Amino acid sequence: MATPVIDAQVHAYERDRPERPWIGFLHGPPEVTGDQMVAAMDEVGVDGAILVSPYSMYRYDASYALEVHARHPGRFGLVKPFDPSAPDVAEQVAEWARADAVVGARIMLPDPFAVEADDPGLNRILAAGAETGLAVNVLCWGNAPLLGGLAQRNPGARIVLDHLGLRQPFEPPAPAQPFADLPKVLALAQYDNVAIKITGACTLSHEPFPFDDIWDPLRRIFDAFGIERCLWGTDWTRAVLLVSYAEGVDAFRDSDRLSDSERSALMGGNAQRVYGFTPRR
């Protein structure tokens, strides 16, 4: 049986409305509903995705992600952010882990230099992830050493570094030196409990599709971590102003820089294993 194609990070959200108001703003269309996300996936042959409740809009409320799953059972594994400052955050993670289709938790650090690796809240979330078996996704782009400290303190936690650990743009142009911090990211490969999302990679390219200039640095990541700890994804819809959904898929599916076995692992097999998620279409 062929390995399913699994996008390691997508978002879905409703229009801003009083019944479910946006707290902030995420680059993208006025809405990308679950129905629209599934239609986009079907159009390009993506079998399933890790649906990450968008922090920018809903903060720690994952009610819409749960609604999307109920409407499209089998297509999404669910991840939500948690507030490290909440005194009962470990209990919140445990409760979340019991919900249908849940595969992970997320730590959002918009300013990753404002905390240290000994932060009690961050470590409570990671300990709860280890206890419940949930993968803990961490956004700390620009401060890869912070993740190293967390991984060292929590060897039993499955940690997934979001978005290559590198700052990524929300609109053109790409940063002048998008991979300048890559050596710090590669240093995290020493921690066996850390996987890395190859999500949003195309937004770092200075070239049009098929984004040939990203492949040499990506190969350094694959070689350091091993392809088995790397998870492809699009970060749709954050990337909408830079890359189409089809381009984010086809840049990897059609690339001659991956062997067939690498492509199968990167674009689905690893997500199955790391998140314990197998989609049903």
Q) Near LYS197, within a Cβ-to-Cβ distance under 12 Å, what is the net charge of the other residues, with Lys and Arg +1 and Asp and Glu -1? A) -1
Q.
If Rh is defined by the Kirkwood formula over all Cα pairs and Rg also comes from Cα, what ratio Rg/Rh do you get for region 97-235?
A. 0.97
Q: Over the chain, average the accessible area per residue using a 1.4 Å probe and give it in Å², no decimals.
A: 41
Q | Length released on extending from ASP254 to ALA70, taking residue separation times 0.36 nm less the Cα-Cα span | A | 63.0 nm
Q.
For PHE170, what accessible surface area do you get with a 1.4 Å probe? Give it in Å², rounded to 10.
A. 80
Q: For region 140-219, compute Rh as the Kirkwood radius over C-alpha pairs and then the Stokes-Einstein diffusion coefficient at 4 °C and 1.567 mPa s; write the answer in µm²/s, rounded to an integer.
A: 98
Q | Most mobile listed residue (ALA251, ALA86, ALA135) in the chain, GNM with C-alpha springs under 10 Å | A | ALA86
Q. For region 48-195, what is the relative contact order in percent, using Cα pairs closer than 8 Å and at least 6 residues apart in sequence?
A. 18
Q. So for the pair HIS27, ALA94, with labels modelled 7 Å out along Cα→Cβ, what separation do we get in nm?
A. 4.0
Q: Against the globular-protein guess of 2.2 N^0.38 Å, express the Cα radius of gyration of region 20-92 as a ratio, rounded to two decimals.
A: 1.20
Q: Report the net charge of residues surrounding PRO175, where surrounding means a beta-carbon distance below 13 angstrom and charges are Lys +1, Arg +1, Asp -1, Glu -1.
A: -2
**Q.** Charge dipole of the chain about the Cα centre (unit charges at C-beta), most positive-ward option of ILE198, HIS27, ASN154
**A.** ASN154
Q | Coordinate range along principal axes, alpha carbons of region 35-141, Å, largest first | A | 44, 28, 20
Q | Computed over the chain, Cα set: Rg, Dmax in Å | A | 17.2, 49
Q | Lys, Arg +1 and Asp, Glu -1 on Cβ, resulting dipole of the chain about Cα centre, debye, nearest 20 | A | 440
**Q.** the chain, helix-only ellipticity at 222 nm - DSSP H runs n ≥ 4, -39,500 (n - 2.57), divided by all residues, nearest 500
**A.** -9000 deg cm²/dmol
Q | Carbon + sulfur, % of accessible area of the chain - ligands and nucleic acids excluded, 1.4 Å | A | 51
Q: Provide the packing ranking of 44-52, 258-266, i.e. peptides ordered by the mean count of other C-beta atoms within 10 Å per residue, highest first.
A: 44-52, 258-266
Q. Which whole-number percent gives the relative contact order of the chain, counting Cα pairs below 8 Å spaced six or more residues apart?
A. 22
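The values are calculated or read from the model by the stated rules, or taken from the named source; none is laboratory data. Since this is a predicted model, take the numbers as computed values, not measurements. Backbone-built Cβ (ideal geometry, glycine too); neighbour counts: all protein chains shown. All accessible areas refer to the heavy atoms of the entire protein, side chains included, with ligands and DNA or RNA removed. Shrake-Rupley method; radii C 1.70, N 1.55, O 1.52, S 1.80 Å.
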